[in-house]
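One structure below.
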Amino acid sequence: MAEEYGLLDEVGGRWRLRFARRLPHPPEKVWRALTEPEHLSAWFPTTIEGERAAGAPLRFTFPDGAAEPFDGQMLAYDPPSLLEFHWGPDTLRFELVPDGDGSLLTLLDLLAEQGKAARDGAGWHLCLRALERHLDEGGEPRDLGAWKPLNDEYVQRFGPEAATIGPPEGMTVE
């Protein structure tokens, strides 16, 4: 199956990235990869510290101190179908539904600023690629070297106004 690019649209005055992935794994397996620390480390850019319950405060930390930690809050936690939280100024929502013998995963990122849409689109694209490899038990970590060409592709798709903000302070991406 060809890799799909994320889409960008405006919702209620904010910008939203949307990714959909058909995964050949049951929702329970995908859910574990979305929520359990030993699986998150294979594909998600930070740790997620805090109770898995709506309203709980969360703390996000990058591996090796690549950038400053930041706070968030769990908004919804409904295993194995919905995970939503404030991720710094953004809101991340993971929707998971059964799809034949697999699952359909939708990632929505409600952005605080349009100017980081290309940057974050490339980042989530890489994360979802790593998630798919992890689920397939290929285990390859995120290939940060692929970020720059993907970012360039997302700038073309979304336009220059979606690329006014570069990588976060302290992050080095070649």
- request: Scan (1) at pLDDT below 95; (2) under 11 Å from the mean Cα position of the chain (by Cα); (3) open to solvent by 50 Å² or more (accessible area, probe 1.4 Å) for the single condition R93 breaks and write down its number.
  value: (1)
- request: Mind listing whichever residues of region 15-45 are more than 14 Å from the chain's Cα centre (by Cα), outside any loop (DSSP other than H, G, I, E, B) and free of Cβ contacts under 8 Å to residues at least 40 places away in the same chain?
  value: R32, P37, E38
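Would you check if E4 is open to solvent by 80 Å² or more (accessible area, probe 1.4 Å) and in a helix (DSSP H, G or I)?
Working: open to solvent by 80 Å² or more (accessible area, probe 1.4 Å): yes; in a helix (DSSP H, G or I): no.
No, not satisfied.
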task: Please give the number of the condition A33 fails out of (1) at pLDDT below 95; (2) hydrophobic (A, V, I, L, M, F, W, C); (3) open to solvent by less than 30 Å² (accessible area, probe 1.4 Å).
output: (1)
task: Could you please let me know if D120 is in a helix (DSSP H, G or I), surrounded by fewer than 20 Cβ atoms within 10 Å (Cβ to Cβ) and modelled with pLDDT of 90 or more?
output: no
query: Counting only residues that are on the phi > 0 side of the Ramachandran plot and not in a loop (DSSP other than H, G, I, E, B), which one in region 48-80 is least open to solvent (accessible area, probe 1.4 Å)?
result: G65
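The values are calculated or read from the model by the stated rules, or taken from the named source; none is laboratory data. Values in this document were obtained by computation on a predicted structure and should not be read as measured data. Virtual Cβ from ideal backbone geometry, glycine too; neighbours counted across all protein chains shown. Ligands, DNA and RNA are excluded from the accessible area calculation, which covers all protein heavy atoms including side chains. Shrake-Rupley method; radii C 1.70, N 1.55, O 1.52, S 1.80 Å.
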